[in-house]
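Trainee: Sharing a structure with you now.
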Amino acid sequence: MTAVNENTAVNAGNGSESDDEAKLQIIKGAAFLTTVASAGMIAGFGSTLALAKKKSPDWFSKGVAATAAAPESGASLALRALGWGSLYAWCGVGLLSVAVWKVLGVHSLSEFRQKMQSFFPSIPRTAEAAGSEPLDWDSVFKSK
């Protein structure tokens, strides 16, 4: 084998390693975002539950178990509402995504990215590229 063939073999090996590293990075990013979102949901639900119990402990304890006056407990009603709301949210976002996908006429994520880049302006990577003066939020939110 010549030196050129050896270099080509080494470069081909590096390409697969970078693909593996990219996939690993995507998996790590997805795991991180899932963990952060789950922690946020648990913290939000827990703080809301604690606030409800603090404001009216009598009504809170009445809603935990089913009684003759209320055949369904507040907790089961809330869980059922959460389930239906989650289902509607997932289906709504999925339907919206499919509609946008079909309207744009794209067939892959790379085509979708290219379409979006053609519609929207690019975001500068550094603060120097955006401009040296700080952004004035009052001027941003003033009506024209």
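Trainee: Check the straight Cα-Cα distances from LYS115 and name the lysines below 24 Å, setting aside those fewer than 8 residues away within the same chain.
Mentor: LYS23, LYS102
Trainee: How far apart, in nanometres, would the label points at PHE45 and GLU111 be if each is projected 7 angstrom from Cα along the Cα-to-Cβ direction?
Mentor: Those two pseudo-labels are separated by 3.9 nm.
Trainee: While we're here: Report the rotationally averaged projected area of region 19-99 based on its alpha-carbon convex hull, in square nanometres. List each step's numbers first, then the result.
Mentor: Values: hull surface 32.4 nm².
The Cα convex hull of region 19-99, projected and averaged over all directions, gives 8.1 nm².
Trainee: Can you pull the accessible area of TRP84 for me, 1.4 Å probe, Å² to the nearest 10?
Mentor: It works out to around 130 Å².
The values are calculated or read from the model by the stated rules, or taken from the named source; none is laboratory data. Note that the structure is predicted; figures quoted are calculated from it, not measured. A quick note on method: Cβ atoms are made from the backbone with ideal geometry, for glycine too, and the neighbour counts reach across all protein chains shown. SASA here: full protein model, heavy atoms, side chains in, ligands and nucleic acids out. Shrake-Rupley method; radii C 1.70, N 1.55, O 1.52, S 1.80 Å.
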